[in-house]
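Report on one structure; see the data block that follows.
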Amino acid sequence: MSTPQRRLSIAAASAVGLLLLSACTTGPGSAPAPTSTTSSSEQRLEKVRPDLPEGRVIGVGTVLDAGGEVQLCMGAIMESYPPQCTGVPVDDWSWDGVEGSESSGETTWGAYAVYATFDGERLANTDPPIMLALFDPIAPADPMNGVDGTTPNEDLSRIQDDISARLGDEALTVHTDRGYVWLGVVWDDGTIQDAADAEYGDGVVVVTSALREID
């Protein structure tokens, strides 16, 4: 091999070696390699939209009626009097025959299990609600089957902050526990869970749906 050809071969080999090193290693203090495998912005956590439930769903929380605007709050409730919250609007609601409510001014509220249909934006009440004091739900199965996660706490905190910033009010709850980030949403059929797995890796974020199909 001539000298110019040998120099060209050495340069090419060096370039390939540097590319492999940069792909396989990170220096001290550098950010970890991204875990996202999404190929489109439409597949990102804040962009995906689950398919709608075909039948009735049940949701548990505080029904808040402020001047005729009724909503089911399944996340945080402000400890004011009357209480305040941001929930899912509920159509076809009536307090007739419903016990367990409390009123102050133009606001009426109470804690109930609500049966409804869901169109992605609003609930339509279909059955008499059940007071939570009388409601005996079946305990949901542990989605992780009792196995704790292995993601470092600092990574969990970073992911929790990232999800909170991106989803805003669409996240009912975001917290860390047992080595996972737990994300509570109004409704998921597995689509949001798949998006979380694609972005952060399997076994890092656990998505729970507040609404549950019953038909």
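How much length is gained on full extension from Y81 to R122, taking 0.36 nm per residue of separation minus their Cα-Cα distance?
12.2 nm
In whole angstrom, how far apart do the alpha carbon centroids of the range 81-138 and the range 159-194 sit?
A separation of 24 Å, based on Cα centres.
Place +1 on the Cβ of every Lys and Arg and -1 on the Cβ of every Asp and Glu in the range 82-181, take the dipole about the Cα centre, and give the residue among L172, L132, F118 whose Cα lies farthest towards its positive end.
L172
Any read-out appearing in this document is the output of simple, stated calculations on the displayed coordinates, not a laboratory observation. Note that the structure is a prediction, hence the values are computed from the model and not measured. Cβ: placed from backbone, ideal geometry, glycine included. Neighbour counts: every protein chain shown.
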